[in-house]
Amino acid sequence: MQGWAYCQRLRRSSLTLGAMVASLLLPQNSWAWGRNAHRLIINKAVDTLPGDIRAFFEENRGTLLQHVTDPLDAIAKNPLERRNDFVALDKYGRFPFEALPRNYKAALTRFGKMKLEANGLLPWQIGVYSEKLTEAFRAGKWDEAKLDAAILAHYVAQAHDPFSTTDNSDGHLSGQTGINDRFGGNLIDRYSSFFPIRPNDASFISDPTDHAFDACLSAHRWLESILLADRNALRGENSYNDDYYDRFYNEAGAILIRQLSDAATDVGSFWLTAWNNAGRPALPH
């Protein structure tokens, strides 16, 4: 019995050490969309929905806005939660990163759990929450559905954030530390009151996880353009002042608006898909 107890303690110690190592390997700023961006996206997503389900989301808009940033609060309490909020695609070779299987079990077999978690699980997390929302709709668990819809929206929004798809999540690899906050936070806080976000109507998604990967790949394509815009905007300046932000917005604003609009479209589409896959139940409102 003593030998068994010792083995158990050793196993727990190994798991704890593994978790600590994985935590250290995670980017320290693995999210770029600020809280205002998430609220903006989820608010616009409601407007993409067809009449069959829009009333339910309209009625619960306040709850959705309140809980869309819950994953950020979870990260603040437990840094290991960062693994669900990003995917460092560039840790898997060159675009389009075909070395990384989209099937989680296949990826796990190829790379192992520690590497996958260190490099982020975002597309698979979207698949998980898409299924959670489907099951909540199917079971008529409306309070669960509201919460799952908000958290799913958070992760779907993250998939459209270019800095959630790279190992250079905060710009430290390119000597542009804080670029994630400047792009996904400060530009929105400064200019969102007058820039147009025009999502398309929500549509059915045949494979949620596969679609999440496509969204991450699409977002990743914009990284070099944003990094270049940041460097150009800072040229001749000693600080990130008003002139810097005006120039940065002039060069990168169109990308920002596109990503926010596409994120809102996809959030609505993931909600619609979960409802369809649940058998299109009548929703309370």
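The values are calculated or read from the model by the stated rules, or taken from the named source; none is laboratory data. As the structure is a prediction and not an experimental result, all values here were calculated from the model. In this analysis, Cβ positions are derived from the backbone assuming ideal geometry, glycine residues included, and neighbour counts consider all displayed protein chains.
For residues that are touching a residue at least 60 places away in the same chain (Cβ under 8 Å) and either within 20 Å of residue 241 (Cβ to Cβ) or of a type in the set (S, T, N, Q) (or both), scanning just region 164-177, find the one that is surrounded by the most Cβ atoms within 10 Å (Cβ to Cβ).
Top of the filtered list is 165.
Could you identify the single residue in 250, 200 that is over 20 Å from the mean Cα position of the chain (by Cα) and either assigned to a loop (DSSP other than H, G, I, E, B) or over 27 Å from residue 47 (Cβ atoms) (or both)?
Of the residues listed, the single one that is over 20 Å from the mean Cα position of the chain (by Cα) and either assigned to a loop (DSSP other than H, G, I, E, B) or over 27 Å from residue 47 (Cβ atoms) (or both) is 250.
Based on what the data block shows, is residue 125 within 15 Å of the chain's Cα centre (by Cα), of a type outside the set (D, E, K, R), farther than 23 Å from residue 255 by Cβ and in a helix (DSSP H, G or I)?
yes
If I filter region 50-92 down to residues being out of contact with any helix residue (DSSP H, G or I) (no Cβ under 8 Å at 6 or more places or on another chain) and free of Cβ contacts under 8 Å to residues at least 40 places away in the same chain, which single residue comes out as surrounded by the fewest Cβ atoms within 10 Å (Cβ to Cβ)?
51
This table checks each residue for (1) surrounded by 19 or more Cβ atoms within 10 Å (Cβ to Cβ); (2) among the hydrophobic types (A, V, I, L, M, F, W, C); (3) modelled with pLDDT of 95 or more; (4) in contact with a Pro (Cβ under 9 Å, 6 or more places away or on another chain).
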residue	(1), (2), (3), (4)
193	no, no, no, no
215	yes, yes, yes, yes
236	no, no, no, no
240	no, no, yes, no
251	no, no, yes, no
267	yes, yes, yes, yes
270	yes, yes, yes, yes
276	no, no, yes, no
285	no, no, no, no
